[in-house]
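The values are calculated or read from the model by the stated rules, or taken from the named source; none is laboratory data. Only a predicted model underlies this, so the values are computations on that prediction, with no experimental measurement involved. Heads up, the Cβs are rebuilt from the backbone with ideal geometry, glycines too, and the neighbour counts pull from every protein chain shown. Side chains included, ligands, DNA and RNA excluded: accessible areas come from the protein's heavy atoms. Shrake-Rupley method; radii C 1.70, N 1.55, O 1.52, S 1.80 Å.
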Amino acid sequence: MINISLPDGSVRQVAAGTTALQVAQSISEGLARNVLAAKVNGEIWDASRPIHTDAHLLLLTWNDVDGKKTMWHSSAHLMAEALEALYPGVKFGIGPALDNGFYYDVDLGDHKLSSDDLPKIEKKMLELASLKKEYVRQEISKIEALGFFHNKGDEYKIDLLQNLNDGEITLYSQGNFTDLCRGPHIPNTGFVKAVKLLNIAGAYWKGDEKNKQLTRIYGITFPKQKELDEYLVMLEEAKKRDHRKLGRELELFTFSDKVGMGLPLWLPAGAALRERLQQFLQKAQLKAGYLPVITPHIGNKQLYITSGHYEKYGKDSFQPIRTPQEGEEFFLKPMNCPHHCEIYKSKPRSYKDLPVRFAEFGTVYRYEQSGELHGLTRVRGFTQDDAHLFCRPDQVKEEFCKVIDLVLYVFRSLDFTDYTAQISLRDKEDRSKYIGTDENWEKAEQSIIEAATEKGLRTVVEYGEAAFYGPKLDFMVKDAIGRKWQLGTIQVDYNLPERFELEYTGADNQKHRPVMIHRAPFGSMERFVAVLIEHCAGKFPLWLTPQQVAVLPISDKFNDYAKEVLETLQQLDVRGFVDDSNEKIGKKIRDAEIGKVPYMLIVGEKEAADKAVSVRRQGDGDKGAMPIAAFAQMVQNEVNEKLNAL
RNA sequence: GCCGCUGUAGCUCAGUGGUAGAGCACUUCCUUGGUAAGGAAGAGGUCGGGGGUUCAAUUCCCCCCAUCGGCUCCA
């Protein structure tokens, strides 16, 4: 007999060799029907794999991330089976699960797959799924495995086998399809009730462009058709929210081939929005003791040799510009930190001065490969809401806490309510790739963990994800339709203080090295605005939106009154415009609705007589008439409610 | 940078081996209208760029450029 501990703390005694599925059955038949896989002592297993030792058991269903991933991995096998049925001789690369679905890299020989072929494959997958074939695990020797795939003519699997050791090789089969696979898999194909193959792309074997390019097919599956339908609706919604589309429609930004790819041009409305975001953060930073600094757009090559960035990124940067007479080399600045280090060094520092916090909305330029550019999220020139905090080692935790406060204030003000913090620490095994003393690292890592805990953050710890110069904490937010984005980042850095020989005089009258914290709540203005656009679907919070109010006269007889209304509002810090176009009120309303202006003020004979406005809320319709001042007060209240939450 | 898709008016898109069309937007005029599109007229395109085939290319072929979807990379 073995002991199986369940998450609720209970322990069940079962015969050795009992499977997770059998345990589930002993709990309830309904649960057993929904079990996709199991976590056995923290490792994900097939639900049908016998357990021979005492174990902690967690049953995984569709509600668990790992359950979903197991299903999607199995779906990749299902797709492979369908492909093999439709295109005999097809060879397979790898077919993993993703956060949202799965893909399989395949070599179809001469056959060129197009998106028109996908429905056919989907149909075949559903047909095979309905057979409810079991996924069968089989341990096999390396020799046998090599023989099997040699027979099949699948050179990619043979390539994969080269790096595997005897004793760790398993095959999984379902129906007529057998694949080299570590597993685990769902019990049978019958769980797959809905399939959507999303797109096709080229991908090199093992991601190396020297290798042959395979066809990558992306797909997603669900246990219910309804969930697939919802997912497709979400994809449609995502398309509607695409910041590139909304950016054009709302006239926020544009690109020009003449200016250069990846170099955004901010239009007046977008610039107003961005300025307002900057002012908002600037104000919060001043309150938090930051000192604004300004540095130039270029820096001498020597600066980056000192910082170490030249060695690491020099070849991949925009190439240096030279002074015509002396031939001195300058780089477009790819980050602000080296400049800020030199500001720190501009005078001797005492331990009493620390921390000092230099903040700058600094525009930086980085060479990004042409294929990687994407709207505002991936550009070649962007502005970081950058700041560098220079502090004593004993201040790291407190500074971290303060930065976390600031980041959360930003999130709250912009309605990002769903976020997690990823704590990136050193690789547990290999510490050689990091610089800085063990002692300092230990301290910094502890500081971050304690700060995050103190602030009650929902955290994920990732080992080996730290930068070579220090641990960091990144904020991942979920937007309104459930997509994850990495926004703010806080990083501890031991490298630059070392390289720039930064010092302060301690209470002991000795020289000490400060610790540097890089932080950017937005990350970059460009990327943040892009995420914000998609998060709120272009309907920005009232305090931020470029135009808060559209004043719409019923006819041109009331244009003067409309202008009077606007002037009154502007004096009360409400911003807007008058639509005095020669159109009927219905058209003006429609234009303002499409332009996502939060408030429309309809003014005609009645309003002019009463010195009032008829209020209409975007997306919500008529709110009735009120005096101008009352409306302005309402707007101010709505704005303050959001911004004074700190 | 690599692979694939696409490129026609400001935007969304039709179309053709004989040098182009719609809707919206824009301009002018009529209309003065009460909560999501009033009417009429007009202007607007070297059909991404270059080369080739052809009597003739926006259309067929080649090369570039850019977009999009991926790959690789990301201080």
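Descriptive notes on the structure:
- Of A:90, A:65, A:106, all but one fail to be closer than 30 Å to residue A:156 by Cβ and within 16 Å of RNA strand B (Cβ to nearest atom); the exception is A:106.
- If you go through segment A:605-635 and pick out every residue that is away from RNA strand B (no atom under 14 Å from the Cβ) and surrounded by 15 or more Cβ atoms within 10 Å (Cβ to Cβ), you end up with 3.
- Qualifying residue in segment A:105-115 (condition: among the hydroxyl-bearing types (Ser, Thr, Tyr) and open to solvent by less than 70 Å² (accessible area, probe 1.4 Å)): yes
- Residues located in segment A:200-234, provided they are in contact (Cβ under 8 Å) with a residue 60 or more places away in the chain, open to solvent by 50 Å² or more (accessible area, probe 1.4 Å) and either assigned to a loop (DSSP other than H, G, I, E, B) or touching a helix residue (DSSP H, G or I) at 6+ places or on another chain (Cβ under 7 Å) (or both): A:200, A:212
- Just one of the listed residues (A:526, A:501) is closer than 27 Å to residue A:466 by Cβ, assigned to a helix (DSSP H, G or I) and not assigned by TED's automatic domain parsing to the domain that holds residue A:637, and it is A:526.
- Breaking point among (1) out of contact with any His (no Cβ under 6 Å at 6 or more places or on another chain); (2) more than 10 Å from RNA strand B (Cβ to nearest atom); (3) in a strand (DSSP E or B); (4) open to solvent by less than 40 Å² (accessible area, probe 1.4 Å), for residue A:361: (4)
- Screening A:5, A:10 for residues that are touching a His at 6+ places or on another chain (Cβ under 6 Å) and over 25 Å from residue A:170 (Cα atoms) leaves exactly one candidate, A:5.
- Counting the residues of segment A:406-426 that are in a helix (DSSP H, G or I) and not basic (Lys, Arg) gives 7.
- Matching strands (runs of 3 or more DSSP E) fully within segment A:546-636 where at least 1 residues are among the polar types (S, T, N, Q): A:612-617
- There is no residue in segment A:107-115 that is closer than 19 Å to residue A:212 by Cα, of a type in the set (Asp, Glu), part of a helix (DSSP H, G or I) and in the same structural domain as residue A:198 (by TED's automatic domain parsing).
- Residue in segment A:573-591 that is over 30 Å from residue A:385 (Cβ atoms), more than 11 Å from RNA strand B (Cβ to nearest atom), touching a residue at least 60 places away in the same chain (Cβ under 8 Å) and surrounded by fewer than 17 Cβ atoms within 10 Å (Cβ to Cβ) present: no
- Residue A:602 satisfies every condition listed in (1) surrounded by 14 or more Cβ atoms within 10 Å (Cβ to Cβ); (2) near RNA strand B (Cβ under 9 Å from one of its atoms); (3) closer than 28 Å to residue A:241 by Cβ except (3).
- Residue identified as in a helix (DSSP H, G or I), touching a helix residue (DSSP H, G or I) at 6+ places or on another chain (Cβ under 6 Å) and open to solvent by less than 30 Å² (accessible area, probe 1.4 Å) among A:396, A:403: A:396
- Sole residue being of a type in the set (Asp, Glu), surrounded by fewer than 20 Cβ atoms within 10 Å (Cβ to Cβ) and not assigned by TED's automatic domain parsing to the domain that holds residue A:501, chosen from A:326, A:342, A:372, A:368: A:326
- For segment A:180-193, the criterion of a residue being of a type outside the set (Val, Ile, Thr) and either within 16 Å of RNA strand B (Cβ to nearest atom) or modelled with pLDDT of 95 or more (or both) is satisfied by no position.
- Test: residue in segment A:579-588 that is hydrophobic (A, V, I, L, M, F, W, C) and within 42 Å of the chain's Cα centre (by Cα): yes
- Evaluation of residue A:39 against (1) touching a helix residue (DSSP H, G or I) at 6+ places or on another chain (Cβ under 8 Å); (2) farther than 21 Å from residue A:136 by Cα (one fails), failing number: (2)
- Residue selected from segment A:29-73 under the condition closer than 19 Å to residue A:225 by Cα and polar (S, T, N, Q), by the criterion most open to solvent (accessible area, probe 1.4 Å): A:63
- Strands (runs of 3 or more DSSP E) wholly inside segment A:130-192 that include at least 1 residues being without any contact (Cβ under 8 Å) to a residue 24 or more places away in the chain and open to solvent by less than 20 Å² (accessible area, probe 1.4 Å): none
- Residue in segment A:366-389 that is nearest to the chain's Cα centre (by Cα), counting only those that are within 9 Å of RNA strand B (Cβ to nearest atom) and part of a strand (DSSP E or B): A:378
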